[in-house]
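Here the structure is laid out as C-alpha cells; the discussion comes afterwards.
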Amino acid sequence: MIYKNAFIDSDVLLDLLLMREPFFTFSQTLLAKSKNKTIKISTSSLVIANIHYILARNIGKELARDSVRSLINNLNVLPFDIDAINLAVNSEFTDFEDAIQYYIAQKFQCDAIISRNLKHYKKSHLPVLTTEQFLRTL
C-alpha cells in the first residue's frame, strides 16, 4: 500500500532527536522524505509538548527549544482537542496517550501511524508500522 499522510508518534521523533541507534537512521530517512515532499508526515501538538519535556530533561531547555523549532518546520502539527480526549477515555486502548494520538490521526485522515510501540495500537483501524516497515512501502 502507498501512504500519503502518515502520523508519527513521539518515540520515532525522539529516536531522531536523541540519535538513538539503531532507530536513528530510519527516522532520519523518514524526515528527509517529508522534507522533499515524498510523504506528508503529521504529528500532534501533544507529541510536540511531550518531546520538549523529554528533551529538556536530557539535553537542556535551550537545545530542546531549538530542536522543537526545527522539528515543527518540517512536520504538519495537528491540534489536540477535547474530541480526542473523549474518544480516548471511552476507548478500549490500553494506553491513554496513544489512544489520543490515534483519534487525532483518524480525525485528520492520516492513512497510517508510525511508531515503535505497536502493541499500544492493537485497537487501531489504521495500519501501524515501525519506521523501517513504513520506509519499505515507499
Check: In this structure, does PHE80 turn out to be without any contact (Cβ under 8 Å) to a residue 24 or more places away in the chain, of a type outside the set (D, E, K, R) and under 21 Å from ALA6 (Cα atoms)?
Finding: no
Next item on the list: Take region 48-80 and flag every residue that is among the aliphatic types (A, V, I, L, M), more than 10 Å from the chain's Cα centre (by Cα) and surrounded by fewer than 18 Cβ atoms within 10 Å (Cβ to Cβ).
Entry: ALA49, ILE54, ALA56, ILE59, LEU63, ILE72
Item checked: In region 1-14, the residues that are modelled with pLDDT under 95, in contact with a Leu (Cβ under 9 Å, 6 or more places away or on another chain) and aliphatic (A, V, I, L, M) -> ILE2
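Does ILE85 qualify as being surrounded by 13 or more Cβ atoms within 10 Å (Cβ to Cβ), in contact (Cβ under 8 Å) with a residue 24 or more places away in the chain and hydrophobic (A, V, I, L, M, F, W, C)? Please lay out each step first, then the result.
On the way: surrounded by 13 or more Cβ atoms within 10 Å (Cβ to Cβ): yes; in contact (Cβ under 8 Å) with a residue 24 or more places away in the chain: no; hydrophobic (A, V, I, L, M, F, W, C): yes.
Criteria not met by ILE85.
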Next item on the list: Could you list, in sequence order, all residues of region 88-106 that are surrounded by 19 or more Cβ atoms within 10 Å (Cβ to Cβ), of a type in the set (Gly, Ala, Ser) and more than 22 Å from ALA32 (Cα to Cα)?
Entry: ALA88, ALA99
Next item on the list: Can you tell me which residue within region 116-138, out of those that are in a loop (DSSP other than H, G, I, E, B) and hydroxyl-bearing (Ser, Thr, Tyr), is farthest from ASN50 (Cα to Cα)?
Entry: THR137
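Tell me, which helices (runs of 4 or more DSSP H) lie completely within region 15-115 with 1 or more residues that are within 18 Å of THR130 (Cα to Cα), modelled with pLDDT of 95 or more and of a type outside the set (Lys, Arg)? Spell out the reasoning first.
Details: elements: 24-35, 45-59, 61-72, 82-89, 96-107.
Fully inside region 15-115 and qualifying: 24-35, 45-59, 96-107.
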Checklist line | Hits in region 105-138 (condition: of a type in the set (S, T, N, Q) and over 12 Å from ASP11 (Cβ atoms)) | finding: GLN106, GLN109, SER124, GLN133, THR137
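What number of residues within region 88-115 are charged (D, E, K, R) and within 13 Å of VAL47 (Cβ to Cβ)?
At the first step, the residues of region 88-115 found to be charged (D, E, K, R) are 92, 95, 97-98, 107, 111.
With within 13 Å of VAL47 (Cβ to Cβ) added as a condition, the list becomes 97-98.
Total satisfying the criteria: 2.
Test of understanding: among SER45, SER115, which residue is surrounded by fewer than 19 Cβ atoms within 10 Å (Cβ to Cβ) and under 15 Å from the mean Cα position of the chain (by Cα)?
Answer to the check: SER45.
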Margin query: Need pairs with beta-carbon distance below 7 Å; first residue closer than 15 Å to ALA6 by Cα and within region 24-52, second among the polar types (S, T, N, Q) and not in a helix (DSSP H, G or I); sequence gap 6+ or separate chains.
Written below: LEU31/ASN74; SER34/ASN74; LYS35/ASN74; LYS40/ASN5; LYS40/ASN76; ILE41/ASN76; SER42/ASN5; SER42/ASN76
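The values are calculated or read from the model by the stated rules, or taken from the named source; none is laboratory data. From a predicted model like this one, the values you see are computed outputs, not experimental measurements. Methodologically, a virtual Cβ is constructed for each residue, glycine included, from the backbone with ideal geometry; neighbour enumeration extends over all protein chains shown.
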